[in-house]
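Novice: My questions all concern the structure below.
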Amino acid sequence: MKILFITSSRLGDAVLSTSILHTLEKHDKNLDVTIVSGSLPANLFKAIPFCKKIIVMKKKSFSRHWFQLWRKVYRSKWDMIIDLRGSLISYTLRSSVRIRWRACSFDKGHQVERLQQMIAASRAKISELAAPKLWLDPVHVAKAKSILTSPTLAVAPTANWVGKQWPSQYYIEILEKFLKTYPEADALLVAAPHESAVVKTIQQSLESPRIKILLSADLPYVAAALGQCDVFLGNDSGPMHMAAALNIPTLGLFGPSDDTRYGPYGPNNKILRIPQKLNELEQTPGFSYQGSTCYMEGLKPDDVWNALSNLWESMHAKVTQLADIAVWSKSQGVS
């Protein structure tokens, strides 16, 4: 089946959209998929065995990026076009099935459930969507295994907006307790290179060799490293969705974002948010999505620690039951 798959330019949304690719993989062993993506998440698709081509679409003035995309794909006859950007391009291409995102039509539940609504509204014969999935490069996995040799807590303390970034001091408090309570474990601080100041502040405050840092824009390697961790803790962010898609038990921290739509997807995951609901927060005088105010201070470290320690101990109980722990790929081993 020859498919044109147009996904989001945002990392978190692109990761969640892999639920569709995962479902297609289960239904058809002869997939030939061309993926259109923004530059940030594009490399995450490289290890997908049925992805024949990746087209990076960079936004241009007057929507010229859509015309440039059309020129690259119009010669092909597609069995299916899935457009999660909600454009009209699919109507200008030859295709047997067109599936197009319409925000006003699919507006209930988690984003994966909304994608399911989109699929159900089409003529595609696809059953209930599978969970999001990331395909890993064996070379990256081998490298990550050689570095992360102890039980490891992944921590992503940054976000794309300071408003939804839990204070660094709170992360320091949590990690101090974690290192003291679990002396056999390490912690891996994960962030993009331009976010290094936050990560280094946390590392320098703790002064422990058990605190490791991964500052990398190489998302396939970041995914492989996350896949070797036992539990993930972090803000609502792309790495949070990556961890959940790798089947790593994930604790997501929420404030000025919609946890009912963008919480980490899967049964092993937990959500904690500030006391206010999102609509209550938005009605607070002076609230702004463009401002520099942190809205996460109402989520206290004691509550996060209780949830994290419960998640860690539950995960650790499963891990210790596995005889082949030395060669086990954690991201694919625990359900």
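The values are calculated or read from the model by the stated rules, or taken from the named source; none is laboratory data. All figures in this text were calculated on a predicted structure; none of them were measured in a lab. Here the Cβ is made from the backbone with ideal geometry for all residues, glycine too, and neighbour counts use every protein chain on show.
Novice: Pairs, please: C-beta under 8 Å, at least 6 apart or cross-chain, first residue free of Cβ contacts under 8 Å to residues at least 24 places away in the same chain and in segment 48-65, second surrounded by fewer than 11 Cβ atoms within 10 Å (Cβ to Cβ) and in a loop (DSSP other than H, G, I, E, B)?
Specialist: HIS65/LYS58
Novice: Moving on. From THR152, THR181, THR158, THR201, grab the single residue that is in contact with a Cys (Cβ under 6 Å, 6 or more places away or on another chain) and in contact (Cβ under 8 Å) with a residue 24 or more places away in the chain.
Specialist: THR152
Novice: To continue, here is another question. Take the residues of segment 312-324 that are part of a loop (DSSP other than H, G, I, E, B) and either surrounded by 12 or more Cβ atoms within 10 Å (Cβ to Cβ) or among the small types (Gly, Ala, Ser) (or both): which is modelled with the highest pLDDT?
Specialist: LEU322
Novice: Return the residues of segment 252-271 that are buried (at least 19 other Cβ atoms within 10 Å of the Cβ), in a strand (DSSP E or B) and touching a Phe, Trp or Tyr at 6+ places or on another chain (Cβ under 7 Å); say none if nothing qualifies.
Specialist: LEU253
Novice: Is it the case that ARG100 is surrounded by 13 or more Cβ atoms within 10 Å (Cβ to Cβ) and over 25 Å from LEU246 (Cβ atoms)?
Specialist: yes
Novice: Identify, from the list SER127, SER95, SER76, the residue that is more than 21 Å from the chain's Cα centre (by Cα), of a type in the set (S, T, N, Q) and at pLDDT below 95.
Specialist: Step by step, each of SER127, SER95, SER76 is checked, and only SER127 is more than 21 Å from the chain's Cα centre (by Cα), of a type in the set (S, T, N, Q) and at pLDDT below 95.
Novice: Please give the number of the condition LYS58 fails out of (1) surrounded by fewer than 12 Cβ atoms within 10 Å (Cβ to Cβ); (2) part of a helix (DSSP H, G or I).
Specialist: Unmet condition: (2).
Novice: Any idea which of LEU299, LEU281 is touching a Pro at 6+ places or on another chain (Cβ under 6 Å), assigned by TED's automatic domain parsing to the domain that holds GLN165, modelled with pLDDT of 95 or more and over 28 Å from VAL141 (Cβ atoms)?
Specialist: LEU281
Novice: Follow-up question, since we're still on this one. So which of SER95, SER90, SER127, SER63 is part of a loop (DSSP other than H, G, I, E, B), out of contact with any Cys (no Cβ under 8 Å at 6 or more places or on another chain) and hydroxyl-bearing (Ser, Thr, Tyr)?
Specialist: Exactly one of SER95, SER90, SER127, SER63 is part of a loop (DSSP other than H, G, I, E, B), out of contact with any Cys (no Cβ under 8 Å at 6 or more places or on another chain) and hydroxyl-bearing (Ser, Thr, Tyr), namely SER127.
Novice: Please go through segment 277-311 and pick out each residue that is out of contact with any helix residue (DSSP H, G or I) (no Cβ under 7 Å at 6 or more places or on another chain), part of a loop (DSSP other than H, G, I, E, B) and within 29 Å of ALA187 (Cβ to Cβ).
Specialist: GLU297, GLY298, LEU299, LYS300
Novice: Could I ask something else about it? Determine, yes or no, whether SER216 is among the polar types (S, T, N, Q), more than 19 Å from the chain's Cα centre (by Cα) and surrounded by fewer than 18 Cβ atoms within 10 Å (Cβ to Cβ).
Specialist: Criteria not met by SER216.
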